[in-house]
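Read the structure below first, then the notes.
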Protein chains: 2
Amino acid sequence: MPPLTSTPLKASCSTCNLRELCLPADLSGSELERLEDLIGSKRSYASGEYLFRTGDSFQSLHAVHSGSFKTRVLHEDGREQLTSFLMAGEMIGLDAISADLHTCEAVAMEPSEVCELPFGQFEQLSREIPSLQRHLHKIMSRKIVRDQSIMLLLGSMRAEERLAAFLLNLSQRNAALGMISTELRLKMSRLEIGSYLGLKLETISRAFSRFQEEGLLQVKARYIEILDLPRLRILVENPKASC
Amino acid sequence: MPPLTSTPLKASCSTCNLRELCLPADLSGSELERLEDLIGSKRSYASGEYLFRTGDSFQSLHAVHSGSFKTRVLHEDGREQLTSFLMAGEMIGLDAISADLHTCEAVAMEPSEVCELPFGQFEQLSREIPSLQRHLHKIMSRKIVRDQSIMLLLGSMRAEERLAAFLLNLSQRNAALGMISTELRLKMSRLEIGSYLGLKLETISRAFSRFQEEGLLQVKARYIEILDLPRLRILVENPKASC
DNA sequence: ATCGTATTTTGACATATATCAAGACGACAA
DNA sequence: TTGTCGTCTTGATATATGTCAAAATACGAT
């Protein structure tokens, strides 16, 4: 299965992680300078703080520099759905370009830092730098691809498959950030995982317990150790394999 | 709820519906000309014919000129998920920009015509015409917004709510194309609707029957008449309203 | 028209996940 | 340490949707 969420890349940077995290390697020195001029200051967010809310007017894209965020869409009747978990190097706010209004809300899940990218200026610059333009298109398209695979997950996978796919995705993204891929420190509660995966928290909890019984994971609350990565993959790819 | 699928607009055209269907009104005459030069010839597809398949290399976006298409993502184990139904004026292939490969397949659901938009040239032109650039970004962002609401649907709505939301969406899009919004001629089977909504065909069939009993719809196979639009809306917005 | 095939409906029953409820655990403050 | 609060786990049970099967209906080809 393709990855479930956002836009990772390499690490390390100058002004802001943006340079290598979210942007193309193939800019010349002077192009990079122009881009960095454009990036606003890095801002910090406390855990639980909103980056924006549904209906807020749209000015800028945001790139997560450190920490993590969740995005959530709200339904008239109060139901809600988490639509992504964003980690360092990933871009937030692409939905808002459509109507110059944010259509979801973004909340920090831990103390986090964010770089601001004024979108108008970014468009301007991307008209002048083709490789930057191309990169923006790829970022948006990647988001579309990821959302497709979440739809596949929500529409045709069962509970344990969904959780396995989720964990594998986190694991890959950890690896992409240079962290150990078999150790996960979840920032989100069972309730939030449930909301993301279209399941109730009890179902998530039971699935964790079951994975532990099966020797796939070592579960200590939000600290998860992946013991059997290959079998976890089989579980996602081959629905009947485990039961 | 926000709409579930694609990118409608007004109708009528010159070379290709593209002019008004998928593109911004605020281009000058000469800009429009340059754009139309870029659009390849209109191609016809028979019902069931593929526009592209997963893994095909990406050259062009496609705009539906007439007829309709479905897109489908495939999972290793053979499961599949329909991810969109496209009608006239809507754009296909945005997912493929990400890796220059199609990540889903698109199939005509009836005899259809499509305009081709070579993406490289389109990017080039959008560098020269800011309003065209902006329009492309909005099209991609709109797709992201719609996918968000499908995730909400798949992750937190029950069967009848999903079907109601689906029908309302079709109805709106019909209206946007200047057709009667209370009469639907479905191009897709119950199986396909089920695949799109994350349900089995029997569940779709039962929901249709129930809506008919309740006086919400008149169902004659694939011809659906919406009898009570307001109550259908309530059903989507207020989960407990009907039972 | 008539046949043959695919789609749709409907019923009886199975099952995955939700719901409700209680207790256990962990983090944090006093 | 002890207590409190939120989170997590686990059990018993309910329910929505899935599964299997058969009949009804629609549709295309001859």
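Where a number appears in this text, it was derived from the coordinates with a stated rule and is not lab data. These figures come from a predicted structure and were not determined experimentally. Because the Cβ atoms are built from the backbone with ideal geometry, glycine has one as well, and the counts that use them run over all protein chains shown.
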The set of residues whose placed amide H lies less than 5 Å from the amide H of B:Leu61, leaving out same-chain residues fewer than 5 positions away, is B:Leu117, B:Phe119
Treating only Lys and Arg (+1) and Asp and Glu (-1) as charged, each at its beta carbon, one finds that chain A has a dipole about its Cα centre, in Debye to the nearest 20, of 700 debye
Mean other chain Cβ within 10 Å across A:77-86 is 4
Amide H contacts under 5 Å for A:Leu227, restricted to residues at least 5 apart in sequence or on another chain and with H modeled in the peptide plane, are A:Leu217, A:Gln218
Each residue of A:126-133 has, on average, a number of other protein chain C-beta atoms within 10 Å of its C-beta equal to 3
In the protein assembly as shown, taking the dipole from +1 charges on Lys and Arg beta carbons and -1 charges on Asp and Glu beta carbons about the Cα centre, the listed residue (A:Leu229, A:Val64, A:Ser126) farthest towards the positive end is A:Leu229
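With +1 on each Lys and Arg Cβ and -1 on each Asp and Glu Cβ, how big is the dipole of the protein assembly as shown about its Cα centre, in debye rounded to the nearest 20?
1140 debye
May I ask you to compute the full-extension gain from B:Lys42 to B:Glu225, defined as 0.36 nm times their residue separation minus their alpha-carbon distance, rounded to one decimal in nm? Display every interim value, and only then the final one.
On the way: separation 183, 0.36 × 183 = 65.88 nm, distance 3.25 nm.
Using 0.36 nm per residue and subtracting the Cα-Cα distance, I get 62.6 nm.
For A:Ser57 and B:Ser131, FRET efficiency with R0 = 22 Å and r from the beta-carbon atoms, rounded to 0.05? Don't skip to the answer; put the middle values down first.
Numbers: r = 20 Å, r/R0 = 0.91.
For B:Ser131 and A:Ser57, the calculated efficiency is 0.65.
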Plugging the Cβ-Cβ distance of B:Leu191 and B:Gln212 into 1/(1 + (r/R0)^6) at R0 = 25 Å yields, to the nearest 0.05, a FRET efficiency of 0.80
With the label set 7 Å along Cα→Cβ, B:Glu202 is separated from its counterparts in the other copies, in nm and shortest first, by 2.5
Where a ≥ b ≥ c are root eigenvalues of the Cα gyration tensor, a/c under 1.5 meaning rounded, otherwise prolate if a/b exceeds b/c and oblate otherwise, the stretch A:157-237 counts as rounded
Simple SL model, points at 7 angstrom along Cα→Cβ for B:Glu237 and B:Tyr50; separation in nm is 4.3 nm
Taking A:160-172, B:174-186 and ranking on average Cβ neighbours within 10 Å, highest first, one gets A:160-172, B:174-186
HN-Hα couplings for the stretch B:81-97 via Karplus (6.51, -1.76, 1.60; θ = phi - 60°), in whole Hz with x for Gly/Pro, come out as 9, 6, 10, 6, 10, 10, 10, 3, x, 9, 9, 10, x, 4, 5, 7, 4
Counting other chain Cβ atoms within 10 Å of each Cβ in A:155-168 and taking the mean gives 2
So, in nm and shortest first, the distances from B:Leu74 to its counterparts in the other copies, with label points 7 Å along Cα→Cβ, work out as 4.2
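How high is the FRET efficiency from B:Ser66 to A:Ser66, r the C-beta distance, R0 56 Å, rounded to 0.05?
Values: r = 50 Å, r/R0 = 0.89.
The value I calculate is 0.65.
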Excluding near-sequence neighbours (fewer than 8 apart on one chain), chain B holds lysine pairs with C-alpha atoms under 29 Å apart numbering 22
For A:Ser41, inter-copy label-point distances (7 Å, Cα→Cβ), nm, shortest first, read 6.0
Hydrodynamic radius by Kirkwood for the protein assembly as shown, inverse mean 1/r across distinct Cα pairs, in Å, is 23.4 Å
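Give the relative contact order (percent, whole number) for chain B; include only Cα pairs under 8 Å separated by 6+ residues.
On the way: 430 pairs, mean separation 52.4, N = 243.
Worked out over chain B, it gives 22 percent.
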Magnitude of the Cβ-charge dipole (Lys and Arg +1, Asp and Glu -1) of the stretch B:18-153 about the Cα centre, nearest 20 debye, reported as 300 debye
Residue by residue through the stretch A:197-204, the couplings from Karplus 6.51 cos²θ - 1.76 cosθ + 1.60 with θ = phi - 60°, in Hz, x for Gly and Pro, are 8, x, 9, 8, 4, 4, 5, 4
Karplus-derived 3J(HN,Hα) from phi for the stretch B:145-162 (6.51 cos²θ - 1.76 cosθ + 1.60, θ = phi - 60°), whole Hz, x at Gly and Pro, runs 5, 5, 4, 4, 6, 5, 4, 4, 4, 6, x, 9, 10, 8, 3, 5, 5, 4
